[in-house]
């Protein structure tokens, strides 16, 4: 693992930017291909089906778009500041995934119909047994799990070293 503080930003920013690009490209594709109720069945229960979410994850917080958007902006800034600190590469990757996902959904809130921070997030990945989500949501969740695992392993390593 790299302990160079600059490595955090060198990894996190490109990963975050890649998540935003892939997420926004996929959402544009979904808007063009899945309009008018069209669905695309892929494998097992996985299908693409267009929905719009004005709340937050899993449809909670409907009507709180402005608050959610402002919170996302604050989280992005805080995580961006965190990337300037010394951290393992895996932590930088996790922060990049979370920042990119938050930025991807924030762009929807800013750019979609409904006014400033009142736009709905485009969701289209439908497992049929889980709430419909998008690439940004997946990046946030994968990044959060990776961050928790990284921090837990760091704490465990530090505990072992202090016991010596």
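The values are calculated or read from the model by the stated rules, or taken from the named source; none is laboratory data. As the structure is a prediction and not an experimental result, all values here were calculated from the model. Positions of Cβ are backbone-derived with ideal geometry, glycine not excepted, and every protein chain shown enters the neighbour counts.
Check region 137-155 and report whether any residue there is closer than 24 Å to residue 33 by Cα, surrounded by 21 or more Cβ atoms within 10 Å (Cβ to Cβ), under 12 Å from the mean Cα position of the chain (by Cα) and modelled with pLDDT of 90 or more. Yes, there is a match, as at least one residue in region 137-155 is closer than 24 Å to residue 33 by Cα, surrounded by 21 or more Cβ atoms within 10 Å (Cβ to Cβ), under 12 Å from the mean Cα position of the chain (by Cα) and modelled with pLDDT of 90 or more. Condition first: assigned to a helix (DSSP H, G or I), out of contact with any helix residue (DSSP H, G or I) (no Cβ under 8 Å at 6 or more places or on another chain) and closer than 19 Å to residue 53 by Cα. Can you find one or more residues in region 104-112 that meet it? The answer is yes, given that some residue of region 104-112 is assigned to a helix (DSSP H, G or I), out of contact with any helix residue (DSSP H, G or I) (no Cβ under 8 Å at 6 or more places or on another chain) and closer than 19 Å to residue 53 by Cα.
I'm trying to understand the selection: among the residues of region 119-164, which are assigned to a strand (DSSP E or B) and closer than 17 Å to residue 101 by Cβ? Passing the criteria: 121, 122, 123, 124, 125, 133. Within region 56-70, the set of residues being surrounded by 15 or more Cβ atoms within 10 Å (Cβ to Cβ) and either under 15 Å from the mean Cα position of the chain (by Cα) or at pLDDT 80 or above (or both) comprises 56, 57, 68, 69.
In region 119-129 there is at least one residue matching the filter, namely being in contact with a helix residue (DSSP H, G or I) (Cβ under 6 Å, 6 or more places away or on another chain) and modelled with pLDDT under 85. When the residues of region 30-48 are filtered to those that are part of a loop (DSSP other than H, G, I, E, B) and closer than 13 Å to residue 130 by Cα, the one that is nearest to the chain's Cα centre (by Cα) is 46. Checked against the criterion of being surrounded by 15 or more Cβ atoms within 10 Å (Cβ to Cβ) and farther than 20 Å from residue 11 by Cα, the candidates 163, 120, 158 yield just one match: 120.
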